[in-house]
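Worksheet: one structure, shown below.
Where a number appears in this text, it was derived from the coordinates with a stated rule and is not lab data. All values reported here derive from a predicted model rather than from experimental measurement. All Cβ positions, even for glycine, are placed from backbone atoms using ideal geometry, and neighbour counts span all protein chains on display.
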Amino acid sequence: MNTNVLIIGLGLIGGSLSLALQRNPDIKIYGYDQDEQSLMMAKKLGVIHEIVNHPKEAANCSDYIVFATPVNITIELMKDLPKWNVSNTTVITDTGSTKKLIMKQAEQLINEGYQFIGGHPMAGSHKSGVAAAKAHLFENAFYVLTPHPATKPACLSKLESLLAPTKGKLVKLTAEEHDQMTAVVSHFPHLIAASLVRQLKEKNKVSPMTKHLAAGGFRDITRIASSNPVMWRDITLQNRDKLIGMLEDWQEEMETVKNLLMHPDPERIEEFFSAAKKFRDDLPVNTSGAVYTEYDLYVDIPDYPGVISEITGYLAKDEISITNLRIIETRTDVFGVLVISFQTPKDRERGEACIKTYTTFDTYIS
Ligand SMILES: NC(=O)c1ccc[n+]([C@@H]2O[C@H](COP(=O)([O-])OP(=O)(O)OC[C@H]3O[C@@H](n4cnc5c(N)ncnc54)[C@H](O)[C@@H]3O)[C@@H](O)[C@H]2O)c1
Ligand SMILES: O=C(O)C(=O)C[C@]1(C(=O)O)C=C[C@@H](O)C=C1
């Protein structure tokens, strides 16, 4: 017998979850999105099995309901849910990046007899929309669940078994713990990335060449500034108090940095960088999720038409998958640097060997 799942919000996360859940052939996915184009595309790409034009159409026959909408919208939809004729055995969850206000709203549903367990897969991208959805997005990433104290173990197990095909690492946290930790590793870094880009924008008015000098370093640290502003507006609003606390700590840290600059002492400056490097190098890089893990290969390429398709052609011939391609435009003479990202170190090793076999281009791993 089919297990019916209704996914509301068919963007990057709802779409990726839907694709991952379909690894279980018994799952049937009903999809709803307020955006008609996303809905049509989700169906066309095989991300969902069936379109519904209102959550009500599938809510009463669904074993699970997943909200994968921006966090403020999720709260609004949760208020509406009692009108959808949902069974008290249906497990309701969400994918929102914040948990405290969502769990506060869930309290009302739980008091009315509904089953709600908060969820947040700690993997994503700066890209939005169903076209960016990937079945493997959550593999090896932490997938946080925030059960309510009244949640029955059987209900939690039921959700855990639904999510098993994501191959995420399911962990339980309270909403408070979740929002504190994600403020540190996700929400605050997004504010800082946006601020760095805003600072560049201002400085660039004075020296318009500045932005052209932005190479790997600036691009790496600010990639997430290209994320969806509406999604980040809502996350920021919902985790405002934790972010204010983070900002106060940050201001202290910046005072320390200022001090290092005002009273320069080479040893202390080196120690400042060393302590950060040591901790960063020790982060668990072999997992996906909170730590960005693409494996980059740098290739010095001459500037002639077709060079990129030539390289991707060799990789395709040897059946080596890549996850991203970009060119660092720091050098305007005859060479540029092509950065090819792979999903695993093994793929990168094969990619490097392949390029060395077919070309004389220099390759580097940073
Ligand atoms: N992007 C990430 O990296 C990431 C990672 C983990 C969790 N999340 C969380 O997952 C949720 C979805 O994020 P996303 O990246 O998939 O966003 P997205 O913008 O790619 O998708 C959101 C989808 O929700 C739809 N939507 C908006 N209002 C709606 C409504 N009233 N009814 C139905 N559908 C509606 C939009 O049309 C869109 O298709 C958010 O709560 C976000 O905080 C995001
Ligand atoms: O990789 C990215 O672009 C992300 O921003 C993903 C990211 C994160 O901050 O790590 C963003 C929001 C989520 O709730 C979880 C993951």
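For segment 178-281, evaluate the Debye formula with one uniform point scatterer on each Cα (no solvent term) and list log10 I(q)/I(0) at q = 0.17 Å⁻¹, rounded to two decimals. Debye intensities relative to I(0), on a log10 scale: -1.05.
Loop only per DSSP, at most 13 neighbouring Cβ atoms within 10 Å: give me the chymotrypsin sites (Phe, Trp or Tyr not before Pro) in segment 44-85, ordered by residue number. Each step should come with its number before you reach the end.
Details: sites: Y64, F67, W84; in loops: none.
Answer in residue order: no site qualifies.
The helix-only estimate of mean residue ellipticity at 222 nm for the chain, built from DSSP H runs of length n ≥ 4 each weighted as -39500 (n - 2.57), is -14000 deg cm²/dmol after division by the residue total.
Per residue and in cubic angstrom, what volume does the convex hull of the Cα atoms of segment 295-364 have?
Numbers: hull volume 5.4 nm³, N = 70.
Output value, Cα hull per residue: 76 Å³.
Counting other Cβ atoms within 10 Å of each Cβ, which GluC sites (Glu not before Pro) in segment 129-222 have at most 10 and sit in a DSSP loop?
Hits after loop and neighbour filter: nothing returned.
Between A275 and T344, the modelled label-to-label distance comes to 3.8 nm, taking each label 7 Å out from Cα in the direction of the beta carbon. Prolate is the label for segment 138-224, because a/c, from the alpha-carbon gyration tensor with a ≥ b ≥ c as root eigenvalues, is 1.5 or above and a/b exceeds b/c. The trypsin sites (Lys or Arg not before Pro) of segment 119-192 meeting both criteria, a DSSP state outside H, G, I, E and B (loop) and at most 14 other C-beta atoms within 10 angstrom of the site's C-beta, are K127.
For segment 1-130, pairs of C-alpha atoms spaced more than 21 angstrom apart make up 34 percent of the total. How large is log10 I(q)/I(0) at q = 0.07 Å⁻¹ when the Debye formula is applied to the Cα atoms of the chain, each weighted equally and without solvent? Ignoring solvent entirely, the Cα scatterers give -0.38. For segment 20-94, the square roots a ≥ b ≥ c of the C-alpha gyration tensor eigenvalues yield an a/c of 1.5 or more together with a/b not exceeding b/c, which makes the shape oblate.
Normalised size of segment 63-121, defined as Cα radius of gyration per 2.2 N^0.38 Å with N residues, equals 0.98. Our summary gives segment 178-281 a relative contact order of 34 percent, counting only alpha carbon pairs under 8 angstrom and 6 or more residues apart.
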